[in-house]
Amino acid sequence: MSFNLATILRESRKSDPAKPLAYFAELTFTYAQVDEISGRVATSLLDLGLERGEVVAVQLPNLPQFIFTYFGLLKAGLVMCPLNPLLRAPEIAYYLEDSDAKMLVTFTMFAEEAVKGASQAGGVTTYVVGMPGGDERPPGTHDFDDLYAGTDTGEIESTNADDTAVLLYTSGTTGKPKGAELTHFQLYMNCTVAGDLFGFEDDDIGVAVLPLFHVFGLSSVLNVSVRYGGTIVLVPRFQAEQVLDLIERHRCTIFSGVPTMYFELLRADLAQRDVSSLRRGVSGGDAIPGEVIKAFEDKFHGMVILEGYGLSETASTATFNASAEQRKVRSIGKPVWGVEIRIVDPDERPLPPGSQNVGEIVIRGHNVMKGYYKNPEATKEAFAGGWFHTGDLAYADEDGYLFIVDRKKDLIIRGGFNVYPREIEDVLYEHPAITEAAVIGRPDEKLGQEVVAVVALAQGAHATSDELIAYCKERLAAYKYPRDINIVTELPKGPTGKILKKELRAG
C-alpha cells in the first residue's frame, strides 16, 4: 500500500490554505506557506543527490525550520532522525554513524558541537539554521537558507505505508541507544487515534513547548495538530511565564506537557492573567500526582488534564484516559483504539487483574515500531512472543485501567527526558581515577528524578566530586550529567559481583 505521512499536511492545506499552522515569535505560517516551503526543501534535498530511504539527522529546537525540514524530508521519501540539540560531539557522532545519516541540519547555537560530531562521524554534510539577520556559521558548513532555493513541484514521493519515516533513538535500558523505525502508516494511525482521544478540533490552538525531537512532541503535538487542521504555537524552551504570555496572546486551548511543566505552571501567579481559553491538558512522560491534577484544574478553571502512556517504540500514545468522566487518577488509562496490551509474568503468561499481579507491559498493534535499525538481535528480544516488551511494570484493575508501578530496569526520567545510566557510567569509567561507578535516580520534586552517581576511586587516586561533575558535563548533554557524585570506598555488590543499585537507592 502506498502512503506518505506528508499527506496530512497536504489535506489540511486543501481544507483551509490560509489558516495558520504555526505561530513563532511575531511570525505566522499558514498551511499553504508550510506546504510550499517544505516542497522547496524537498526538491533541494533531492537535487543534492539524496535518495529515497536515506537518513537526514535534524538537531533543531522548536523552530519553524524543524517543521519545514520534517515535511520536506517526508515529501522527498527520506527519513528524519531527530536529535536533541543539547547533545555533545561524541554523542552526535554516535547517532550519525549508527543511523548512516547522509546530512545533519542543526542550529547556530549548537553548531560548534554538531560540527565536531559530524567530523568524528566521517564528515557528514552539515546545514546550519542561523539567527535572524545573522550569517555566521562554522567553516565548511552550509546555510540552511540554501534549501529554500528549490522549486515546489507539489509532488509527494510515493512511499510504502511500512517505509520508515522517522528513525527515533531511544535510550532504552540496556546497551547503546537504539534507533526505533517508525513508519508512515504507524505515525499516521497514532496521530489520528490520539487526536480523536484528545477531543482535538480544527479550531484548537496548542502550545508546542514539548521538544519536537521527542516522540511526545512530534507525534502527539505536531502530527496531531496538522492531521486535524489545528494551529500550534512554537516555544523553543519552557519558561512558565513566557508560556502563560503565549496562552493569553493566542488564546491557546490545549497544553501538552510533562509533569514538571505542570508543577511550574501551578506555581505561577494568575491574578492578572486570562487563561480561560485552555480547555484540555495532556500529560505524559512520567506519572503526574493526583493532587497536582486537582490543584491545577481548580486553579485553571474549566481545564481538564488527561494522562496517557507511550514510548518512542510506540510512536507516542499507547494508552490514554479518554475523558474527565471516565478517567482514573494515577492510572495511565486504557489501550487506545487498535492496540492490545497485556501484563505478563517473566514466563510470558498473562496476569489477571489486581494490584497484587504486577508484571511487564507488552504491546502489539498499529502503533508499534517495525524494529530497531540494524539491530536484529535487540529487535528479536524486544518482540519475544510476538509482543513488544516495554520494560515497564504495571497492573490492571477490573475495569481494564492500567497502573504503572515501577521501571523494570534502571531508566531515569529527568524532567521528562529519558536518562540512560549505563551511558553515564561508561563516561565515568573512562576517568582514570574511577574504579567503580553506578548511576541512580533520586526523587526530585521539580524534575521527577535527579541523576546521581556513586563512585569508588582507584587506590592512590584523587578526585573531588566537583571535578568529576565537570568531567561529565563536558561529555554529556545537560539533562544527562549527574548533579551529585558521591565518592565512597566501595560500592555494595551481590554474590556475583554485580553492583546493587537497590541498596544505593535505599541508602
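Each reported figure results from applying straightforward, stated rules to the coordinates on display, with no laboratory input. Treat the numbers as computed from the prediction; the structure is a model and nothing was measured. Counting neighbours? That spans all protein chains shown, and the Cβs are built from the backbone with ideal geometry, glycine included.
General observations
- With the charge dipole of the chain set up from +1 on Lys and Arg Cβ and -1 on Asp and Glu Cβ about the Cα centre, the Cα lying farthest toward the positive end among the listed residues Val124, Val258, Met103 is that of Val258.
- Of all DSSP bridge pairs formed entirely within the stretch 28-183, close to 25 percent run antiparallel.
- Cβ-based charge dipole, the chain, positive-most Cα from Phe68, Gly507, Ala463: Gly507
- Applying the criteria of a DSSP loop state and at most 11 other Cβ atoms within 10 Å to the trypsin sites (Lys or Arg not before Pro) of the stretch 206-269 yields Arg237.
- When the P(r) of the stretch 28-183 is calculated, the portion above 28 Å amounts to 15% of the C-alpha pairs.
- As a calculated quantity, the FRET efficiency between Asp143 and Glu201 at R0 = 51 Å, using C-beta atoms, amounts to about 0.85.
- Alpha-carbon centroid distance for the pair the stretch 16-72 / the stretch 300-314, whole angstrom: 27 Å
- Considering only alpha-carbon pairs that sit under 8 angstrom and 6 or more positions apart, the relative contact order computed for the chain is 11 percent.
- Measuring r between the beta carbons of Lys374 and Gln272 and using R0 = 56 Å, the FRET efficiency lands at 0.55.
- The mean sequence separation of alpha-carbon pairs under 8 Å and at least six residues apart, normalised by the residue count of the stretch 250-339, gives a relative contact order of 23 percent.
- A crude spin-label estimate for the pair Gln120 and Asp245, with each label 7 Å from Cα along the Cβ direction, gives 3.6 nm.
- Rounded to the nearest 20 debye, dipole of the stretch 28-183 from Cβ charges on Lys, Arg, Asp, Glu: 440 debye
- Antiparallel DSSP beta bridges within the stretch 412-506, percent to nearest 5: 75 percent
- Cα-only Debye scattering, the stretch 412-506: base-10 log of I(q)/I(0) at q = 0.12, 0.13, 0.16 Å⁻¹: -0.35, -0.41, -0.62
- Correct choice for semi-axes √(5λ) of the Cα gyration tensor in Å that was computed from the model, options [x] 47, 27, 18; [y] 39, 26, 21; [z] 34, 29, 24: [z]
- Cα-based Rg and Dmax for the stretch 287-366, where Dmax is the largest Cα-Cα distance (Å): 14.6, 47
- At R0 = 25 Å, FRET efficiency that the Cβ-Cβ distance of Ala295 and Asp399 yields, to 0.05: 0.45
- Taking GluC sites (Glu not before Pro) as exposed when their DSSP state is a loop state and no more than 14 other Cβ atoms lie within 10 Å, the longest site-free interval of the chain runs over 202-324.
- Alpha-carbon centroid distance for the pair the stretch 338-366 / the stretch 131-202, whole angstrom: 31 Å
- Label-to-label distance for Ser465 and Asp347 is 4.6 nm, based on points extended 7 Å past Cα in the beta-carbon direction.
- Antiparallel bridge percentage (DSSP; both residues within the chain; nearest 5): 55 percent
- Largest-first ellipsoid semi-axes for the stretch 109-197, taking √(5λ) over the Cα gyration tensor eigenvalues, angstrom: 30, 22, 14
- If only the Cβ of Lys and Arg carry +1 and only the Cβ of Asp and Glu carry -1, the dipole of the stretch 344-394 around its Cα centre is close to 280 debye.
- The phi-based Karplus calculation (6.51 cos²θ - 1.76 cosθ + 1.60; θ = phi - 60°) puts the 3J(HN,Hα) values of the stretch 9-20 at 6, 4, 5, 5, 5, 4, 5, 7, x, 8, 6, x Hz, whole numbers, x for Gly and Pro.
- Extending 7 Å from the Cα toward the beta-carbon at both Lys502 and Arg483 defines two label points whose distance is 2.8 nm.
- Dipole moment magnitude, nearest 20 debye, the chain about Cα centre, only Lys, Arg, Asp, Glu C-beta charged: 700 debye
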